[in-house]
Structure formats: structure tokens, C-alpha cells
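One structure is given here, and the rest of the page talks about it.
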Amino acid sequence: MDGISALGAGTGTAIHTLSDYRHHLKRNMIQALDTIQANQITTLLFVVSKLDPIQKTLGTDYVLPLWAIDPTASNPIRVSIYRRSVESMPDVRGPGDIVYFEGAKTGLKDGKC
């Protein structure tokens, strides 16, 4: 899952309607949260609505659990970012952070994407 990075809020185009948002996603080949399916490589852009501390997995990796929201999602969705070390985790600091995932591989957890 290399290529995952976090971006702070910066300058850009104002998006005021869901239609404008979907157009922006399509133009930039970014996938809306309400269209994610399992077992694909995709690019995502979302706002963090909740963040848990980084945890050690049962194996050798670490996981950063968070909840994501965008204008297409009716409820936040759980996102788990896995890395081999804590230092390689994206710099997500809390709710309101904007996160950009490029080359993210999606999977299932508890039967949900």
C-alpha cells in the first residue's frame, strides 16, 4: 500500500454542490466513498471524522484506524491504514484532516468493504 499520503487543507477549487464534487472526482480520477468496492486499487480523497491511536497488529504491522466522510457518504466509513512501521504512517492528526490515498488497495473486513 505504498503511495498513501496525508495532505493538509490547502488552496484549491471551492466545491459547493454534490454535483460539483462528483465532477471534481471524475476529472481527477478520485473515487467517491459511496462507490468503493473490495479488491481494487483506487485513489480517494476524504475528511477524517474520527481517529483512533495507531495499534500493533497481531503480526508485524501497525494499523491506523479512522473514520472517513465525503459528500457522497451518508455515514462515515471505517478506514484502516496498514504499514510496517509507525514512522511510515501518514501524518493524520485528527478530525478535520483531509487525506489523499493514491494507489490504495481496498479489502473486506467483517464482510464490509
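Residue by residue, region 56-72 carries 3J(HN,Hα) couplings of 7, 7, 5, x, 9, 8, 10, 10, 10, x, 8, 10, 10, 9, 9, x, 8 Hz when phi is fed to the Karplus relation 6.51 cos²θ - 1.76 cosθ + 1.60 (θ = phi - 60°); x denotes Gly or Pro. Applied to region 26-35, the Karplus parametrisation 6.51 cos²θ - 1.76 cosθ + 1.60 on θ = phi - 60° returns per-residue 3J(HN,Hα) values of 5, 4, 9, 6, 10, 8, 6, 4, 6, 10 Hz, with x for Gly and Pro. Here the calculated FRET efficiency for Arg27 and Val63, from their Cβ-Cβ distance with R0 = 25 Å, stands at 0.20, rounded to the nearest 0.05.
Any read-out appearing in this document is the output of simple, stated calculations on the displayed coordinates, not a laboratory observation. Computed from a predicted model, the values in this text were never measured in an experiment. A quick note on method: Cβ atoms are made from the backbone with ideal geometry, for glycine too, and the neighbour counts reach across all protein chains shown.
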